[in-house]
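Have a look at the structure below, then the notes.
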Amino acid sequence: MTKSPSRTSRRTKVRLGAASLGVLLATAVSVAGNSVSALPYKIQRVDAFTGIEDRPAQGAGTNILLMGTDGRDTITRQEKDKFHAGGVACNCTDSLMLIHVSQKRDHVSVVSLPRDSYAEIPAHQEPRTGDTVRAHGAKINAAYQEGGPALSIRTVEAMTNVRIDHYLQIDFRRFIDSVNAVGGVDVCTSRQLSDSATKLDLRPGRHRLGGGQALQYVRSRHVDASADLGRIQRQHRFLLGVLHRLDAGRFLADPVKANKLARTVLGATKIDQGFTPKDLISFATDLSRLPTARTEFAAVPIAGFNPDIPGVGSTLKWDKAAAKKTFATLNDDRELTPRNSTVKPSDPPRIGFETTVRGNTLACA
């Protein structure tokens, strides 16, 4: 029988793109004291890896592709209006993060892949018609739109040469409900944050955001000229707020709170992201022992912008040499950042925000 989590096991580290992988894994810790069959409903596994060929070699450690999708059909009209989350969804990935968990499970590296990155989408079959679609250039977030999780995995593997072991995805509904379930999340900003699209409007200082306002915060990309790079930085900061909130609220020490959070995060009927409950519990139990400083955050190195592509628009160009070094480091199961690093990201971030930072340097700008 699995032991109940201790106080230190509430310090789960990792990130959930449009929601919080930290919340998801921390919740798995909360149910670790029960058997898998004790979960509140049947959970199914969906395999997005069947049929994928020409994959990178298996490296040490475990790699998780986090996909935050822009699915908003499960939030209400009132929520769409209040939090400016309406419009037509592209059915694509709003956020992509590659999470590497070391083989010894003694460090975690989170590398964000900007949604506007130029990508070569591999040849594939159109899901509805079965027609063959030739390989073509597009933004990386289009891979999910064209072929779901499987095509996103193929695209990221081809671009990074990192073999994906698992994937997780989450939409607007699960994000809002998860944040509300922990009573909101604290964020800190040293400057005014105003976004013309999401209508985020935060004065300098510390704020506790409920689910809807938190969604505005992690989605905002029109705060300044840093666009998606600034949003990535705020998403990293938001994760730390989630982790601190889980600890301060003792959510994982209270069986009632933990069970409620489990129901919220896992969704109404199933996990469809490719993890089994056993996988989640195993990861959460081990990762819960990590101190904040053993989690590092980075964005893939960016060299600038590509010329506009007809039908695609402006795309970000990866710094090929620096990106190759970053992903090779993950494949070698090594950390990206010196353990004594005190580097802080620029605010607002600039092109070249590939500098990796330790978790304990991101809490407030």
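Cβ-Cβ contacts under 6 Å between residues 6 or more apart (or on different chains), taken from a first residue in the stretch 70-85 that is under 19 Å from ILE170 (Cβ atoms) and at pLDDT 85 or above to a second residue that is crowded, with 18+ Cβ neighbours inside 10 Å and aliphatic (A, V, I, L, M), are listed as PHE83/LEU215.
Among the criteria (1) closer than 14 Å to CYS188 by Cα; (2) among the charged types (D, E, K, R); (3) not in a helix (DSSP H, G or I), the one ARG234 does not fulfil is (3).
Per-residue answers, yes or no, for (1) closer than 20 Å to MET159 by Cβ; (2) at pLDDT 75 or above:
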residue: VAL23; (1), (2): no, no
residue: SER37; (1), (2): no, no
residue: VAL46; (1), (2): no, no
residue: GLY59; (1), (2): yes, yes
residue: THR93; (1), (2): yes, yes
residue: LEU96; (1), (2): yes, yes
residue: SER102; (1), (2): no, yes
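Taking the condition surrounded by 20 or more Cβ atoms within 10 Å (Cβ to Cβ) and hydrophobic (A, V, I, L, M, F, W, C), does ALA119 pass? It is true that ALA119 is surrounded by 20 or more Cβ atoms within 10 Å (Cβ to Cβ) and hydrophobic (A, V, I, L, M, F, W, C). Quick one: count up the residues across the stretch 63-95 that are surrounded by fewer than 19 Cβ atoms within 10 Å (Cβ to Cβ) and part of a strand (DSSP E or B). Number satisfying all stated conditions: 0.
Taking the stretch 130-151 as the range and being surrounded by fewer than 21 Cβ atoms within 10 Å (Cβ to Cβ) and in a loop (DSSP other than H, G, I, E, B) as the test, the residues that pass are GLY130, ASP131, ARG134, ALA135. Every condition in (1) in contact with a strand residue (DSSP E or B) (Cβ under 9 Å, 6 or more places away or on another chain); (2) modelled with pLDDT under 95; (3) of a type outside the set (Ser, Thr, Tyr) is met by VAL156 except one, and the failing one is (2). Name the residue that is farthest from PHE305 (Cα to Cα), counting only residues in the stretch 179-228 that are among the β-branched types (Val, Ile, Thr) and out of contact with any strand residue (DSSP E or B) (no Cβ under 8 Å at 6 or more places or on another chain). Applying the filter and picking the extreme gives VAL182.
Pick out the one residue from LEU202, LEU215 that is surrounded by fewer than 24 Cβ atoms within 10 Å (Cβ to Cβ) and more than 22 Å from ALA298 (Cβ to Cβ). Checking each option against the conditions leaves just LEU202.
Consider only pairs whose beta carbons are under 7 Å apart and that are at least six residues apart or on different chains; among these, list those whose first residue lies in the stretch 292-313 and is basic (Lys, Arg) and whose second residue is part of a helix (DSSP H, G or I) and modelled with pLDDT of 90 or more. Partner pairs satisfying both residue conditions: none exist. The set of residues from the stretch 152-197 being charged (D, E, K, R) and part of a helix (DSSP H, G or I) comprises ARG154, GLU157, ARG173, ARG174, ASP177.
The values are calculated or read from the model by the stated rules, or taken from the named source; none is laboratory data. Being a predicted model, the structure only gives us computed values, none of them experimental. Backbone-built Cβ (ideal geometry, glycine too); neighbour counts: all protein chains shown.
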